[in-house]
Amino acid sequence: MTETSSPISLSRFLIVTLGGRYLALDIESVAAVLTLEETGGVEDPTIHGMAYGVIHLADRLGLVSDRDMTNARVVLLSERERRGNVRVSMVQGLLELQPSQILPLPMQFRGPERHWYQGLILFANSIALALNTSWVLDETVSNCDDKDGHEHTSRLSALLNSSMEHRRAC
């Protein structure tokens with residue numbers, strides 16, 4: 001008797017670094033990855049007649065932008081009718097996971113950050129934050145997100161830092 005295996009639905013992410021943090025972008029939303037030269041030096045590149053407005057993701061997440069941008073890339077994101085571009089410090093690569101490998105945010109995070117992230121992914125002896133593309137492409141960040149968001153981002157950054165320190169100690 002032969003067994004038939006059901007196809008496993010894998011989640012695919014582009015892993016990037018920004019502000020010293022690993023971030024995971026859903027590959028289904030990545031339209032292209034460009035070098036700074038390929039953008040022509042413009043903030044809002046137009047590809048195939050579609051403009052991709054700049055998204056200041058480091059500011060939105062309360063991260064300090066990296067100074068070393070020698071490996072910087074511009075990631076073009078699109079979802080439905082919305083488009084934008086995010087400048088990242090480095091592209092780490094593509095990661096395929098089973099949905100069960102995407103860990104939920106810890107329970108202490110109950111505020112607006114629940115809309116920012118899909119979850120946590122173990123990556124390179126650290127953690128990558130899986131970003132919610134809808135939130136990244138959302139042009140309006142409410143005052144509530146902005147005011148409370150930095151506090152939540154700081155707590156999440158502290159959690160990630162302690163996790164990285166724990167892993168280094170092991």
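The values are calculated or read from the model by the stated rules, or taken from the named source; none is laboratory data. All of these numbers come straight from a predicted model, not from anything done at the bench. Cβ: placed from backbone, ideal geometry, glycine included. Neighbour counts: every protein chain shown.
Out of Arg60, Arg80, Arg21, I need the residue that is more than 18 Å from Trp116 (Cβ to Cβ) and either among the acidic types (Asp, Glu) or under 19 Å from the mean Cα position of the chain (by Cα) (or both). Which one? Quick ask: steps written out before the conclusion?
Numbers: Arg60 fails: more than 18 Å from Trp116 (Cβ to Cβ); Arg21 fails: more than 18 Å from Trp116 (Cβ to Cβ).
One residue alone meets the criteria, Arg80.
Which ones in region 50-78 are of a type outside the set (S, T, N, Q) and within 13 Å of Ala32 (Cα to Cα)?
Taking region 50-78 and keeping what is of a type outside the set (S, T, N, Q), we get 50-64, 66-69, 72-77.
Result: Met50, Ala51, Tyr52, Arg73, Val74, Val75, Leu76, Leu77.
Look through Val86, Val16, Val54, Val75 and report the one residue that is within 22 Å of His115 (Cβ to Cβ), free of Cβ contacts under 8 Å to residues at least 40 places away in the same chain and part of a strand (DSSP E or B). So that I can check it myself, show each step before the final result.
Numbers: Val86 fails: free of Cβ contacts under 8 Å to residues at least 40 places away in the same chain; Val16 fails: free of Cβ contacts under 8 Å to residues at least 40 places away in the same chain; Val75 fails: free of Cβ contacts under 8 Å to residues at least 40 places away in the same chain.
On inspection, the qualifying residue turns out to be Val54.
Please verify whether region 26-43 includes one or more residues that are part of a loop (DSSP other than H, G, I, E, B) and buried (at least 16 other Cβ atoms within 10 Å of the Cβ). Outline the logic, then answer.
First pass over region 26-43, keeping only residues part of a loop (DSSP other than H, G, I, E, B): 36, 40-43.
So of that shortlist, the ones also buried (at least 16 other Cβ atoms within 10 Å of the Cβ) come out as none.
No, that holds for no residue.
Output the number of the condition that Asn85 fails; it satisfies all remaining conditions of (1) of a type outside the set (Val, Ile, Thr); (2) modelled with pLDDT of 90 or more; (3) farther than 27 Å from Leu10 by Cβ.
So Asn85 meets the others, but not (3).
Would you please name the residue that is surrounded by the most Cβ atoms within 10 Å (Cβ to Cβ), looking only at residues in region 81-135 that are more than 30 Å from Ile47 (Cβ to Cβ) and among the hydroxyl-bearing types (Ser, Thr, Tyr)?
Per the stated criteria, the residue is Ser126.
Using beta carbons and a limit of 6 Å, which pairs, at least six apart or on different chains, have the first residue in region 111-134 and more than 17 Å from Ile27 (Cα to Cα) and the second one modelled with pLDDT of 95 or more and aliphatic (A, V, I, L, M)?
Sorted first by the residue in region 111-134, then by its partner, the pairs are Ile127/Leu120.
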